[in-house]
Amino acid sequence: MDPEIQKMREVVLVYLDRSGGLQKFVHDCKKYNDSKQSYAVYRFVISINPSDIAELDATLGNYILHNPLQAAQIFQSVCFVAIKTLSLIEQLQTEAQISILLKPTHLPPLPSYVLSLSAYPFNYTSQRFYMSEGIVIAMGTVTKYTQGARFLCTEETCPFSEGRFRCIRVHCPGATESATVRTDFVCSLCSSPLQEDMKFRVLGDKQIVEMIDAKILNALKGYSIDKSHFRIQAFTLFLRDELANKMTIGNHYRIIGIPACVQNGLQMTACIEVNSVQLYKPNGPSFVSENFKYLLSLTSNSCWRFTAVLANIFASQVVPPGTYNTLKLAILLSLVQTCEKENADYLDLLIMTSDPLVIDRLLNYSLCLLPRGIRHPPSSDIFPSVSKDKHGTGSASIQACSAVLAKGGICYIGDLSSYKKDKLELLQSVLESRTTTVFIPGKKYGEEADQQVTVSVQTNFWSFVDVDSSSKKHIQKENFLIGQMDVSLIPVNLVDGFGLLIYNEFPSCHLSSPVVHHTLKKAINPEAMLYKVSQQFRTQDYEEFILFARNLHVELSSEAESLIQGYYLASRRVRRDSIHGSTLSASALKILISLAKAHAKLSLRQRVLEEDAVIAVLLLESSLTLKHGTSPLCVAPNPVFPFDLSDENSLQQRDIYLMQCHHQLLKFISAYSPGIHINTNEE
C-alpha cells in the first residue's frame, strides 16, 4: 500500500474522531443495521471543514479540494474498516457497497475556487469542488434516481453469478441514469451479460434546478446606470436526496459542488452536482452619506421636514426638483418597505396619469435603486408557469417570472390597462394573498396525480394607468362624487388591492411646466447635471440610503397605533353605502401601518410616531378620495405637499399646515369613533 495513502487514512480517522463525524457515522450505521435489510449501496454524508483538515495534513486537504472523488475513496476505506472492526452493519459485505458524499463547509476565498457562468471559459472538465452563486429561475419536481444497484452474471458457472455483492454500479457526480442502470453491462470475469438483481436497487430523490448569475437582475431593470456588457447563461444544478426541496424559486444561493457535463441526445449540458447549499443574504450598507447626515441634522427640529426635502430633490436626474413630490414620496416609501420576510408590510402603487412617458421614466429610474427592481417585459409571464423539463426526464419544471425574480424588491408591470381580464384577475388574487398557485397536470408530466404548488410572491407592485388613452377605450361614468376619479376601466377590487392610488399633479402638457424644460435639456445633453442637488445627492447615495433605511426595524408607538385605529374605525363608519356596507377595504388598516412604518424608516427612526401616522392617514385619505369621493375629513387634493417647497419658510408653513391636519384628524376621530382614546395636545 502507498505509504502516503495510508497516512491520509490515519488523518481521516483522527479528523472524524475530533470533529464528531465518527459519532454521527456510528449513528447512521445503527439505522442501517436496525433495518435488517440488505442494500446494494449504503450512503453516508460526511461534513468536512477544509481548513481543519489542511491543518492536520496539507496533502489530504489539497486532495479533498482538488480530487474529491479520489478523496471520497479514502474516506470509504476508513469507513469500511470501522464498520467491520466495530461490527456496525452486519449485512455489509464489500467496501464497494459504501458510497461517501463529502460535504465541505466552505472553500478557500480565492478566485480559482469560484465558478462564474458570466465568465469564459467555463471549466467543467476538472471534477473538483467549486463555489458558485446565483438566483434560482426554474425548479423541477422531485423524481427518483438510482443511487446504486447490484448485478449478477448470467453465466451460472461464473463465480460472479452467486448472490454476493461483486458487481455494483454506484451513481457518480454528473452521471445519467443510464450510466448506473442499463442492460448492456458485461461481466469483467467471463464477459457474459450482467443482469440486475432488482430487489437490491437503492433509489434516492433527485431535483433539477436552473440557476443564473445575479447579474441578470441588472439586465431586467429596463434602465441601468451600469453600462458594462456581460454574458449571462443559466446553468443546471442536480440536488439529490437530503438536498431535494432545499431551494426556493427566486432565492439567491451560494452552492458548493462538482461541475460535470451531461449528454442529452446530441446536446451536451454543463451542470453542477451540488454538495452544499447556503441561502445568500447580502449585507446592506451600515451607513448613509455625509450629505444625508447633514440634511438630517438641519431638519431635526421637525419630524416632517427631512422626508419632505428627500422627496423634493429625489430623482433630479429624471424630473426637476419640486415636481411630482407626492408621487416621489410614495415611491420612496414603497422602496423602503421591501424585504424578503413572509409577513412583510407591502406597499403597492397605482398611478393615474396623463403623462405616461415621464412617469415611466421616473419609475424606471427608481427601480434601479434596489438590487431587485424588475421591469416586467410584456411578452413574458408576470407569475410562474409550468413547462416540460428540457433534460429529457419528462417531468414538470416551474419557471420563474418577473414577480418571483423581484423577491424582496419591486415588480414594475407598466400600463395596467394593457392587460387582459384573466391577467388582471390573477394579479388581484396575488395582491390579496401574496401567493400564486401553479397547477401541474399529472398525466401530461408523467405523474400519477395532479399537483398544486403554491409559490410565495414577496414583492411590491408598481403600475400606472394613462387616463387620456383609457378614456377613449370606454364610456365614462356619470354622477361622480366630489373628489372622485373615474377608474372604472380597472376592476374595483383590483384598485383596492393596490395600497395607494395616486394622481400626479404636474401634467407636462402645460408649455410653462419645468418638466418640459428639463426634458428638452436632457434630450440635448443626456449626461448633463442640470441641478446642484444632483451632485450633492447622487444616485449612489440614494441607493445606500434606501438599503440602509429598509433594514431598520421599527416599532409602532401606542400614540401612533391609537391614531391609526381611530382613523380606520371612523372611516369605516363614514365611508359606507346601504347596499355594500363599508367601502373601506379590509386591507386599509395594513396599508396605514405600512405607510406609517415606511415614513419612520425614511426618517431614519426606529419608532413610529404620531407624525408618521398623520402622513400615512393623509396619503391613504387622498387615495380613498380618488376612489370613492371625499369624506367628512375633507382633505385637500394634494394634502401632503399643498404648496411648493422653495426655502425654509415654506417648510415652516408646511409644518403648520400638517399640525392643523393633525388637529382636524383628532376631531374627526372623536366625532366618528368616540370609543377610541386619543391623547390630544391642548396647545
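Things to note:
- In segment 58-91, the residues that are open to solvent by 50 Å² or more (accessible area, probe 1.4 Å), in contact with a Phe, Trp or Tyr (Cβ under 9 Å, 6 or more places away or on another chain) and either under 27 Å from Y32 (Cβ atoms) or of a type in the set (V, I, T) (or both): Q70
- Answer residue from segment 532-543, given it is in a helix (DSSP H, G or I) and open to solvent by 70 Å² or more (accessible area, probe 1.4 Å) and is nearest to K601 (Cα to Cα) among those: Q540
- Within the option set R150, R169, being closer than 23 Å to Q37 by Cβ, open to solvent by less than 30 Å² (accessible area, probe 1.4 Å) and of a type in the set (K, R) holds for one residue only, R150.
- Considering segment 617-668, and only residues there that are modelled with pLDDT of 90 or more and among the charged types (D, E, K, R), the residue that is most open to solvent (accessible area, probe 1.4 Å) turns out to be K667.
- Here the condition is being open to solvent by 30 Å² or more (accessible area, probe 1.4 Å) and free of Cβ contacts under 8 Å to residues at least 24 places away in the same chain; of R605, R550, R576, it holds for R576 alone.
Results for (1) at pLDDT 90 or above; (2) under 20 Å from the mean Cα position of the chain (by Cα), shown as yes or no for each residue.
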{"residue": "S354", "(1), (2)": "no, no"}
{"residue": "L362", "(1), (2)": "yes, no"}
{"residue": "S366", "(1), (2)": "yes, yes"}
{"residue": "S380", "(1), (2)": "no, yes"}
{"residue": "K421", "(1), (2)": "no, no"}
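- Among all residues of segment 324-334, there is at least one that is touching a helix residue (DSSP H, G or I) at 6+ places or on another chain (Cβ under 9 Å) and either over 19 Å from A311 (Cα atoms) or part of a loop (DSSP other than H, G, I, E, B) (or both).
- Some residue of segment 118-130 being crowded, with 21+ Cβ neighbours inside 10 Å and at pLDDT below 85: no
- Checking K36 against (1) in contact with a Phe, Trp or Tyr (Cβ under 8 Å, 6 or more places away or on another chain); (2) at pLDDT below 90, the condition it does not meet: (1)
- Across segment 422-468, the number of residues qualifying as within 30 Å of L333 (Cβ to Cβ) and in a helix (DSSP H, G or I) comes to 13.
- Considering residues of segment 263-306 that are of a type in the set (D, E, K, R) and in a helix (DSSP H, G or I) only, the residue farthest from the chain's Cα centre (by Cα): R305
- Yes/no for F230 being modelled with pLDDT of 80 or more, of a type in the set (F, W, Y) and under 30 Å from S276 (Cβ atoms): no
- Look at segment 447-468: where a residue is free of Cβ contacts under 8 Å to residues at least 24 places away in the same chain and a partner is among the basic types (K, R), sitting 6+ places away or on another chain with Cβ atoms under 9 Å, you get D450/K443.
- Test set (1) within 34 Å of the chain's Cα centre (by Cα); (2) over 25 Å from V274 (Cα atoms) - S47 fails condition number: (2)
- The listed residue being touching a Pro at 6+ places or on another chain (Cβ under 9 Å) and of a type outside the set (S, T, N, Q), out of P104, P111, P159: P104
- Filter result (surrounded by 15 or more Cβ atoms within 10 Å (Cβ to Cβ) and either touching a Phe, Trp or Tyr at 6+ places or on another chain (Cβ under 6 Å) or modelled with pLDDT of 85 or more (or both)) within segment 255-270: I255, I256, G257, I258, P259, A270
- Test: residue in segment 408-418 that is part of a loop (DSSP other than H, G, I, E, B), out of contact with any Phe, Trp or Tyr (no Cβ under 7 Å at 6 or more places or on another chain) and farther than 27 Å from S395 by Cα: yes
- Considering S99, S112, the condition of being small (G, A, S), surrounded by fewer than 19 Cβ atoms within 10 Å (Cβ to Cβ) and on the phi < 0 side of the Ramachandran plot is satisfied by S112 alone.
The values are calculated or read from the model by the stated rules, or taken from the named source; none is laboratory data. Predicted, not measured: the structure shown is a model, and the values here were computed from it. Methodologically, a virtual Cβ is constructed for each residue, glycine included, from the backbone with ideal geometry; neighbour enumeration extends over all protein chains shown. With ligands, DNA and RNA removed, areas are computed over all heavy atoms of the protein, side chains included. Shrake-Rupley method; radii C 1.70, N 1.55, O 1.52, S 1.80 Å.
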